[in-house]
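This report refers to the structure that appears directly beneath it.
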Amino acid sequence: MGRSRRTIPEELLLLALDPTTGTTAQPQSLDLGLAGAQLVELALAGRIAPDGDRIAVVLPRPTGDPTLDSALELLRRRGSPVRAVHWIGGPRLGLRQTYLSHLERCGMVHAVENQMCGVLPTTRYQATDTAVSRQIRARLDTAIRTGTPPDARTAALAALAHSVGLGKHLYPGNEGRSSRSRLRDLIRHDPMGGLVAHAVMDVQNGVAGQAAAARRSQPASAGARPPGRAPATAAMSVVGQSPQVSEQSRRRGVTRAAVRPSLSH
């Protein structure tokens, strides 16, 4: 695979890189997007193809890109088509850092070492070749502005940008609302990009749903009580009595009632 142009994972990462802070927007969902972007790039290279909601390897020959070839080999080892949502939701530790380091070696970004609170080491990345980033952004802007169906690469990039939540980063505020809507609409122009983008969103929704279900299934703590019912000690304290005093009063009342002569005679 030639290196005259950036791969879709690289383009997605450059779109997400904030030139002011040197950090990436939507870091958690971006990791899912990068895994999905690898699938799109492999499909454009003719190595994989969609099979319903699954991904099938059609040509296991290496592309020449080490990171993509690693993903291709993992897909090949599965032996059968894998669901896109399962692939994207799998562990992809260090994928974002792998691409950041690659962009640094290519001279696209520059790593800036720093410390958080003067103690924790941090690394921020500043774009050094802003012309490429501007070209990537211009492709999206043109597709959004003109409404003309874009090429498969731009359509897939738009679909992934929407799926990871970059719309608000690229087109912020109320003035960017229509652009964000058009960005979402570009999903339909590339079948593979659309499949992957929906899988990314499904994984995000599934993770959120599982967390909510886990919170609902947690048993009540030992000291919990039904809502709306005050504890007995609190109710007694309202009238200025402790539980011991109230119990003694109750017993004295019972004793007096037992010895009180009947009025029926």
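The values are calculated or read from the model by the stated rules, or taken from the named source; none is laboratory data. This structure is a prediction, so every number in the text was calculated from the model and none was measured. To get the accessible areas, we keep the full protein, side chains included, count just its heavy atoms, and leave off ligands, DNA and RNA. Shrake-Rupley method; radii C 1.70, N 1.55, O 1.52, S 1.80 Å.
Given 0.36 nm per residue, what is the gain on full extension from K168 to E104 after removing their alpha carbon distance, in nm?
That works out to 20.4 nm of additional length.
What does the accessible area per residue of segment 39-101 come to in Å², with a 1.4 Å probe and no ligands, DNA or RNA counted?
51
Ratio of segment 1-94's C-alpha Rg to 2.2 N^0.38 Å, to two decimals?
Ratio of Cα Rg to 2.2 N^0.38 Å: 1.11.
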